[in-house]
Amino acid sequence: MVVFTEKDKLTPFIQNLKNQDKTIGFLPTMGALHDGHLSLAKSSIAQNDYTIVSIFVNPTQFNNPEDLEKYPRTEEDDIQLLTSIGVDFVYLPQVSDLYNENEGAKTYDFGTIDKVMEGEFRPGHFDGVATVVAKLFRAVNPTRAYFGEKDFQQVRIIQEMVKQEQIEVEIMPMPIHRAENGLALSSRNMRLSTDQLDAAPFIYQILKEGVGLKELGKTPQEVIEFVKESFKNSNFELEYFTITDEENLLPIENFKNDVPSRGFIVAYAGDIRLIDNIQF
Ligand code: AMP
């Protein structure tokens with residue numbers, strides 16, 4: 001395992017491997033790694049000659065400074081985990097390696113897909129994500145890049161960003177990795193109390209029940225009402241639940257077999273924001 005902290009050293013190093021016709025799989029992360037990240041890294045290892053993981057808590061995607069400050073940082077453990085599964089390289093930059101002084105996020109126009117859900121509740125978030133991932137792609141120049149469908153809207157944003165920025169990379173969306181009880185793995189889960197952790201599988205449980213209602217012939221609106229009602233007497237505060245077309249991320253009025261759709265949820269356990277989604 002080699003750890004790079006400067007893109008000026010990393011970029012030519014990776015280019016040298018690509019000149020030898022090696023494929024490079026890349027997984028951008030914000031650290032505090034768990035089995036969800038590792039499942040993505042393992043896919044990359046299986047599908048590429050070399051795998052590189054970046055660990056960078058990107059300031060420009062946090063609209064809430066407290067959230068940025070509280071974001072868990074566990075770099076030593078992260079590097080140990082990545083070494084144990086056979087990741088080849090880690091890129092661990094300081095903010096100054098990616099951003100000029102006082103540089104903020106670039107402003108993108110993604111049409112509908114950055115206006116809804118996370119875009120609506122976290123203003124500026126996706127400009128920050130697209131900005132940093134474009135910078136990371138230019139620093140690494142990977143063959144393939146791996147993203148989790150846990151952040152499905154992010155996957156759609158990245159697909160659009162690479163088109164607009166004309167970056168040549170294959171985007172590889174990967175399924176959500178869950179704990180045995182169904183809870184979507186997340187770096188934020190380590191902030192949950194034991195009671196909150198015990199209760200958290202409720203979120204996925206309700207999503208699955210929602211899918212069951214669809215199969216019984218209920219409309220998207222009826223499923224949404226069921227989910228909202230279910231959260232009223234729960235330990236969680238529902239921020240949003242919506243069912244959208246997977247392509248444009250706009251709400252659907254009816255389920256259609258030829259239009260892939262997905263239900264997206266955000267719920268708070270105390271001050272911890274949990275996100276999940278399910279295919280409908
Ligand atoms: P993060 O460090 O939270 O920015 O996540 C880095 C990447 O790992 C993103 O593409 C996430 O979607 C993905 N990821 C995080 N948690 C999971 C999970 N439970 N299952 C699948 N992918 C995940």
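Looking at this structure, is Glu246 closer than 29 Å to Phe110 by Cα, among the acidic types (Asp, Glu) and surrounded by 14 or more Cβ atoms within 10 Å (Cβ to Cβ)?
Answer is yes for this residue.
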Revision key, fill the gap. Selection from segment 173-224 of residues of a type in the set (S, T, N, Q) and closer than 30 Å to Asn257 by Cα yields Asn181, Gln205, Thr219, Gln221
Point to revise | Evaluation of Asp35 against (1) closer than 29 Å to Asp271 by Cα; (2) within 17 Å of the chain's Cα centre (by Cα); (3) within 13 Å of the ligand (Cβ to nearest atom); (4) surrounded by 14 or more Cβ atoms within 10 Å (Cβ to Cβ) (one fails), failing number | key: (4)
Study note, to complete from the structure: Of the residues in segment 262-271 that are more than 16 Å from the chain's Cα centre (by Cα) and surrounded by fewer than 20 Cβ atoms within 10 Å (Cβ to Cβ), the one that is nearest to Pro220 (Cα to Cα) is Tyr268
Practice item. Output yes when any residue across segment 191-207 is over 29 Å from Asn254 (Cβ atoms), hydroxyl-bearing (Ser, Thr, Tyr), touching a Gly at 6+ places or on another chain (Cβ under 9 Å) and within 14 Å of the ligand (Cβ to nearest atom), and no when none is. Key: no
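Regarding Ile85, is this residue surrounded by fewer than 18 Cβ atoms within 10 Å (Cβ to Cβ), in contact (Cβ under 8 Å) with a residue 40 or more places away in the chain, within 15 Å of the ligand (Cβ to nearest atom) and among the hydrophobic types (A, V, I, L, M, F, W, C)?
Yes; evaluated as a whole, the condition is true for this residue.
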**Study point:** Residue identified as free of Cβ contacts under 8 Å to residues at least 40 places away in the same chain, of a type in the set (Val, Ile, Thr) and within 12 Å of the ligand (Cβ to nearest atom) among Ile167, Ile158, Ile176
**Key:** Ile158
Practice item. List the number of the failed condition for Met190; all other conditions in (1) of a type in the set (A, V, I, L, M); (2) surrounded by 13 or more Cβ atoms within 10 Å (Cβ to Cβ); (3) in contact (Cβ under 8 Å) with a residue 40 or more places away in the chain hold. Key: (2)
Study note, to complete from the structure: Within segment 166-223, residues on the phi > 0 side of the Ramachandran plot and under 19 Å from the mean Cα position of the chain (by Cα) come out as Gly182
Practice item. Considering only segment 1-32, state which residues are within 9 Å of the ligand (Cβ to nearest atom) and polar (S, T, N, Q). Key: Thr29
**Study point:** All positions within segment 249-280 that are touching an Asp or Glu at 6+ places or on another chain (Cβ under 7 Å), small (Gly, Ala, Ser) and farther than 17 Å from Gly182 by Cβ
**Key:** Ser261
Check your understanding: For Thr60, are the conditions met, namely being surrounded by 15 or more Cβ atoms within 10 Å (Cβ to Cβ), under 22 Å from Leu185 (Cα atoms) and within 15 Å of the ligand (Cβ to nearest atom)?
Key -> no
Review point. Tell me, which helices (runs of 4 or more DSSP H) wholly within segment 16-133 include 1 or more residues that are at pLDDT below 95 and under 30 Å from Tyr240 (Cβ atoms)?
Key: 65-70, 118-121
Review point. So which residues in segment 1-15 are in contact with a helix residue (DSSP H, G or I) (Cβ under 7 Å, 6 or more places away or on another chain) and either outside any loop (DSSP other than H, G, I, E, B) or of a type in the set (Phe, Trp, Tyr) (or both), if there are any at all?
Key: Val3, Phe4, Lys7, Leu10, Thr11, Ile14
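The values are calculated or read from the model by the stated rules, or taken from the named source; none is laboratory data. Computed from a predicted structure; not experimentally measured. Using ideal geometry, Cβ is built from the backbone for each residue, glycine included, and neighbour counts are taken over all protein chains shown.
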